[in-house]
Amino acid sequence: MKPPVFDYQDPASVEEAVDVLARHGAAAKVLAGGQSLVPLLNLRLARPEVVVDINRIDALDYLTEESGWLRVGARVRQRRLEREGDVRRTVPLLAEAVRFVGHPQIRNRGTVCGSLAHADPAAELPAAAVAVGARLVAHSRSGIREIPAEEFFTGPLTTALRPDELLVEARFPCTGPDWGWAFLEVSNRHGDYALCGVAAGVRARDGRVQDARLAYAGAGPVPVRLRQAEVALVEHADLEEGIRAAAAEARRVLRPDGDLHASSEFRRHLAAVLTARALRLAWSRASTCSGGAHA
Amino acid sequence: MTTRWLGAPIKRNEDPRLLVGQGLFVDDVQLPGMLHAVVLRSPHAHARILRIDVRRALEHPDVLLVLTHADLPPSLREPLPKLIPHPDLKHHKTQYTLAPDKVRHVGEPVAFVVATSRYAAEDAAELIEVDYEPLPAVVDLEDAAAGRPALVHEDIGTNVAAHSVQRVGDYEAARARADLVLARRFVVDRGCASPMETRGVVAQWDPRARQLTVWDSTQAPIPIRNGLAALFGLAQKDVRVIAPDVGGGFGPKIMMFYPEEVLVPLAAMRLGRPVKWIEDRREHFVATNHERTQIHHAEIALDREGHILGVRTVFLHDAGAYIPYGLIVPIVAECTLPGPYRIPNYHAEFRAVFTNKTIVSPYRGAGRPHGVFVMERLLDLAARELGMDRAEIRRRNFIQPHEFPYDVGLIYQDNAPLVYDSGNYPAALERALEAVDYPRWPEEKARYRAQGRRVGLGFACYVEGSGIGPYEGCRVTVEPSGKVYVATGVGTQGQGHFTSLAQVVAEALGVDVRDVHVVTGDTGAFGWGTGTFASRAAVVAGSAVHLAAQAVRQKALQVAASLLEASPEDLELADGQVRVRGAPSRSVSLGEVARAANPLRGVIPSEWEGPGLEATRYFAPPRGTFSHGVHAALVEVDPETATLRFLRYVVVHDCGTILNPLILDGQIHGGVAQGIGGSFFERLVYDDSGQLLSGSFMDFHIPTAVEIPEIEVIHQETPSPLNPIGAKGAGEGGVIPVPALVAQAIEDALDDLELEILRMPLHPDALFELIQKATRRGS
Ligand SMILES: Cc1cc2nc3c(=O)[nH]c(=O)nc-3n(C[C@H](O)[C@H](O)[C@H](O)COP(=O)(O)OP(=O)(O)OC[C@H]3O[C@@H](n4cnc5c(N)ncnc54)[C@H](O)[C@@H]3O)c2cc1C
């Protein structure tokens, strides 16, 4: 479990970093927190010629709120999402979802953008990003572009990022008034990737669901947003009926792969169970504290 | 006042050193000019080796040596030694140092590369070309027993290595008389130990002195030394094997030999430079022995009142690709099954079967969890069928305290009759039931149910065979400094021997336990012994330590008597002094006594039996001693997500005289954690081609502090009459009954479902399937 030989570069600026990426293209790999890349290197499953360490780029170390968006720079560790009180208020789903990622030791190193760029279909943050409608900012020598989360994840461990692009920032819209959010998952142990995870949001007004968001981890090759289920919730005047319809929709539509930990059937079942539980929780939060802030 | 050391909850002598990172594990051994080795392992479960080409690896600039089977000396081209023969083991196939013409499990060593760094060695290993012709993999145990789809060892014409039967009474006749006969198929699947320190070997050869020194993360340094001396044609005195601070053993580290234990010394001798090999975690999953898969067809016959008339178990044991360790696990399984119950008629029969999987040898529990699972499940099912309380059916069948010694009628793993020495089984169950308030459980359960929660209560009883022979030894030396040095051959892997054995000495000599320094696991310090396994260190080595310390005590009294001009009967040992009872001013320190016992001039009286305050003694128990206990737990089941949460966990534990209750609690806590891991989290999953799918900690889920509940331990002490300190083994009691208990608790929590748990380990997916298939009771 030692990596094969690679070249190591540690640029101090985004410009330098994208230069290196432009030069080496697919032969280069960005190193952020290293919590996914280093195991892959040690198992010799990843064999980049050049490792581009972005940990010296101080300019990417910011977590700020600006005109209704939470902006997370590429060097921000996952742990900050749970530590910094504002995130609970601005994007509560993110603060809740991140606690399911590994263990504190992992989150102290692993970055938010790294988790998104790694794009594990069972990972929590990608599902949360899809649920809230995050936008991912990619930087290359040819410029900057913003990719909506739903278009960012293209397959297991693959994204819309080009080899010469650096993900410099993830932007999460701050939650609107009357919204309540919840993230729930089932994993074998606390801290494992989800067997199935659900990110749910509901907007409650006058005792009815006005709007809803549902996205799933571990339920397909990419984080899946279930629009049909969202619509079902809004259409049903009765909350419980809406929740049942959404859960049924999840069971009908999702086609997760089975693996040694959970069969496809079990994952679908979990998706339905968690859909109902997460929606009830989100609802209770939406209706108790308008604005959705909760601890 | 004399301080009592034995039985006191003393903090461990070794902890300060270990906690600040001053331990010495094999990877801490750094020697000048040291080289690094890696093993090229088979990627196939079953394949013929057509060609191996190592030229490109040898061309690597940092490589010094590449070995394949053809490069080995003749003595190492033979299969490695047969460890524990048995008359029923017809085909005692053992592993090779490097595979000759065929590989039989994923991870089997094929070539060995030595280079200037581990990195370079791994790079070079990738350059070795091996052509394999894959053969059908023998994965499924029942298929394997029928010779399908291939033979692991063609030359023997079968996959069945052994067929063994033991009988007590006449099961068939008992069955004919029975009011109720229940039969089920039980499966206990593969598991493995996960020591924090994987295996590792460093070897250094001194070509002038012709001496070999080997640091080995093993549980049995002395047998390893003896074996290496034989294989390399060296005198035992010229081989020194050191098992330094071993970071966990749990059974699999007592093997002889793992190929690396031979290859590393061989390379060091060939190259004249020290060589290090450290197993990485990925290798550990396929190259360190596993345990556990057994399929039992078991049957119980009872009368209407729930008295057991007889039990039969006919089972398959998955030995893996080779069977160096013999039949220990299945024998322990069949001998543990009767447990604390009177079973007048018993038929146990097994086949040990080769498969294309990692070799099996004992892992903490070593067959005991299997036996207990089968027996306890049979009783649970019988109680349900008879409409009887599950505690009551156990009470009716317990061996009573006055019945000891109790002859079970079987032959145990040490080839001696299985005779329980002492115990109090009914009392242990009552203590456990009281702790969880069993009489009020139905109301409590209903209360949970009213909150929409499914909580079940489970409990399980076991008897743990431990402390078997043949012997261990110990030398106790008091130096003129007053410090006491203790050397024993039994190794230590974190069990606290530096403290518990020191306590035995402190008690005998009246010295502070911190002044007693224990050396274990270094053949240079003590060269006789067998190793730490079968929960025997405290019992067998502890007794040897006791005998040696008592001999030193006698000598100290003798020598001090002449110094103090008193008679030995009037002296006492306390606070590092020998003093006249009632006249404490007339005293002499133990260090002075040691100096007086080793004079530079003059005469040594013949009663002293030699110079110095030192004695060596051996202890050879007539047979094993039997601990026992009961575990009880409250387990919450979420039937929708098929997950579990332990709300309470109680252990009633009886291992005879307690040397140190803190250390004992630690053993129990760790065991329960491993038991919970092996019941619901850890799984070794193979696909049809014999590839291990769960070969990393990402997929092999060791429970963490989040999953393990607080463990309440209640001690009961029924001393063993078989050794001078009354101790019994405590290493495995934590782990043994956990699967049985978890099964019972889940069934209790889901008692509105027609659901039987007959397989371990479970995991959410399997529990989901059981729940899906279950019908509602009464419908
Ligand atoms: C024991 C353990 C448990 C874990 N459990 C979970 C879990 O439960 N859920 C979960 O979601 N994750 C889990 N992880 C993974 C963890 O969250 C990682 O931190 C995360 O997946 C990757 O983030 P990183 O910053 O460490 O990225 P790295 O490991 O450095 O990189 C990962 C990949 O992303 C690419 N990359 C990283 N940053 C960028 C960027 N800015 N631009 C372009 N490409 C980039 C890298 O090139 C690489 O391919 C676990 C990890 C461990 C070791």
Report, by chain and number, residues whose modeled amide H sits under 5 Å from the one on residue B:46, excluding near sequence neighbours (fewer than 5 apart, same chain). B:135
In sequence order, what are the phi-derived ³J(HN,Hα) couplings for the range B:376-392 according to the Karplus relation 6.51 cos²θ - 1.76 cosθ + 1.60 with θ = phi - 60°, rounded to whole Hz, with x for glycine and proline? 5, 5, 4, 5, 4, 5, 5, 4, 4, 5, 8, x, 10, 5, 5, 6, 5
Dipole magnitude (debye, nearest 20) for the range B:640-771, charges at Cβ of Lys, Arg, Asp, Glu: 620 debye
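Residue by residue through A:185-194, how many Cβ atoms from other chains fall within 10 Å of the Cβ on average?
Partner-chain Cβ atoms within 10 Å, mean over residues of A:185-194: 5.
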Please give the average number of partner chain Cβ atoms lying within 10 Å of the Cβ of each residue in B:752-764, rounded to a whole number. 1
Find the relative contact order for chain A and round it to a whole percent, using C-alpha pairs within less than 8 Å whose residues are 6+ positions apart. 17 percent
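Using DSSP, restrict attention to beta bridges with both residues in the range B:290-401 and report what percent are antiparallel, rounded to the nearest 5.
On the way: 10 of 21 bridges.
Around 50 percent of the beta bridges assigned by DSSP in the range B:290-401 are antiparallel ones.
Taking the Cβ of residue A:49 as the center, what net charge do the other residues with Cβ under 13 Å away carry, scoring Lys and Arg +1 and Asp and Glu -1? Intermediate values should be presented prior to the final figure.
Values: positive: A:23, A:29, A:47; negative: A:7.
With Lys, Arg at +1 and Asp, Glu at -1, the net is +2.
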Sequence order, the range A:148-162: Karplus ³J(HN,Hα) from phi using 6.51 cos²θ - 1.76 cosθ + 1.60, θ = phi - 60°, Hz rounded, Gly and Pro as x, gives x, 3, 5, 9, 6, 8, 10, x, x, 6, 9, 9, 6, 5, 7
Solvent-accessible area, 1.4 Å probe, carbon plus sulfur percent, for the protein assembly as shown: 51 percent
Determine the dipole magnitude for the range A:127-173: charges of +1 sit on the beta-carbon of Lys and Arg, -1 on that of Asp and Glu, nothing else is charged, the reference point is the Cα centre, and the result goes in debye to the nearest 20. 80 debye
Pick out which of A:126, A:223, A:39 has the largest mean-square fluctuation in a Gaussian network model of chain A, springs linking Cα atoms closer than 10 Å. A:39
Place a point 7 Å from Cα of residue B:58 in the direction of its Cβ. Which residues in the range B:267-285 have their backbone N less than 17 Å from it? B:267, B:270-271
Roughly how crowded by other chains is peptide A:261-268, in terms of the mean Cβ count from those chains within 10 Å of each of its Cβ atoms? 4
How many Å² of accessible surface get buried when A and B come together, counting both sides, probe radius 1.4 Å, rounded to the nearest 100? 2500 Å²
Keeping all protein chains in position, work out how much accessible area residue B:215 exposes to a 1.4 Å probe, and write it in Å² to the nearest 10. 30 Å²
So what is the accessible area of chain B per residue, in Å², with the probe set to 1.4 Å? 36 Å²
The rounded separation in angstrom of the Cα centers of the range B:285-347 and the range B:383-405 is 20 Å
For labels at residue B:618 and residue B:453 in the simple 7 Å Cα→Cβ model, what's the distance in nm? 5.8 nm
Using +1 at the C-beta of Lys and Arg and -1 at the C-beta of Asp and Glu, which of B:340, B:130, B:120 has the Cα lying farthest in the positive direction of the dipole of the protein assembly as shown? B:120
Note down the relative contact order for the range A:63-173 as a percent, whole number, built from C-alpha pairs under 8 angstrom at least six residues apart. 30 percent
Vicinal HN-Hα couplings computed from phi for the range B:255-270 (Karplus, 6.51 cos²θ - 1.76 cosθ + 1.60; Hz; Gly/Pro x): 8, 8, 10, 6, x, 5, 5, 9, 5, 5, x, 4, 5, 4, 6, 5
Whole-number percent relative contact order across chain B, with pairs defined as alpha carbons under 8 Å at least 6 apart: 15 percent
If amide hydrogens are placed 1.01 Å from N in the peptide plane, which non-local residues have theirs closer than 5 Å to the one on residue B:7? B:660
Farthest towards the positive end of the dipole of chain A, among A:176, A:191, A:136 and with Cβ unit charges of +1 on Lys and Arg and -1 on Asp and Glu, lies the Cα of A:191
In whole Å, what is the distance between the alpha-carbon centres of the range B:8-50 and the range B:90-126? 18 Å
Quick check for me: using +1 on Lys/Arg Cβ and -1 on Asp/Glu Cβ, what's the dipole size of the protein assembly as shown about its Cα centre, in debye to the nearest 20? 320 debye
List every residue whose amide H lies under 5 Å from the amide H of residue B:346, counting only residues 5 or more places away in sequence or on a different chain, with H placed 1.01 Å from N in the peptide plane. B:168, B:169, B:170, B:171, B:311
With each label point set 7 Å from Cα along the Cα-Cβ vector, what nm distance links residue B:583 and residue A:38? 7.0 nm
Between residue A:141 and residue A:45, what is the FRET efficiency for a Förster distance of 25 Å, r being their Cβ-Cβ separation, to the nearest 0.05? 0.30
Could you give the length gained on full extension between residue B:179 and residue B:20, defined as 0.36 nm per residue of separation minus the Cα-Cα distance, in nm? 51.0 nm
Extended-chain gain in nm, criterion 0.36 nm per residue less alpha-carbon gap, residue B:208 and residue B:702: 173.1 nm
Between residue B:434 and residue B:342, the two model label points (7 Å from Cα along the beta-carbon direction) sit apart by a distance in nm of 2.4 nm
Unit charges at the beta carbon, dipole of the range A:7-50: most positive-side option, A:34, A:8, A:21: A:34
Taking the mean number of other Cβ atoms within 10 Å as a proxy for protection, how do you rank B:256-269, A:147-160, A:23-36 from highest to lowest? B:256-269, A:23-36, A:147-160
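The values are calculated or read from the model by the stated rules, or taken from the named source; none is laboratory data. Only a predicted model underlies this, so the values are computations on that prediction, with no experimental measurement involved. Note that each Cβ is placed from the backbone with ideal geometry, even for glycine, and that neighbours are counted across all protein chains shown. Just so you know, the surface numbers come from the protein's heavy atoms only, side chains and all, with ligands and any DNA or RNA stripped out. Shrake-Rupley method; radii C 1.70, N 1.55, O 1.52, S 1.80 Å.
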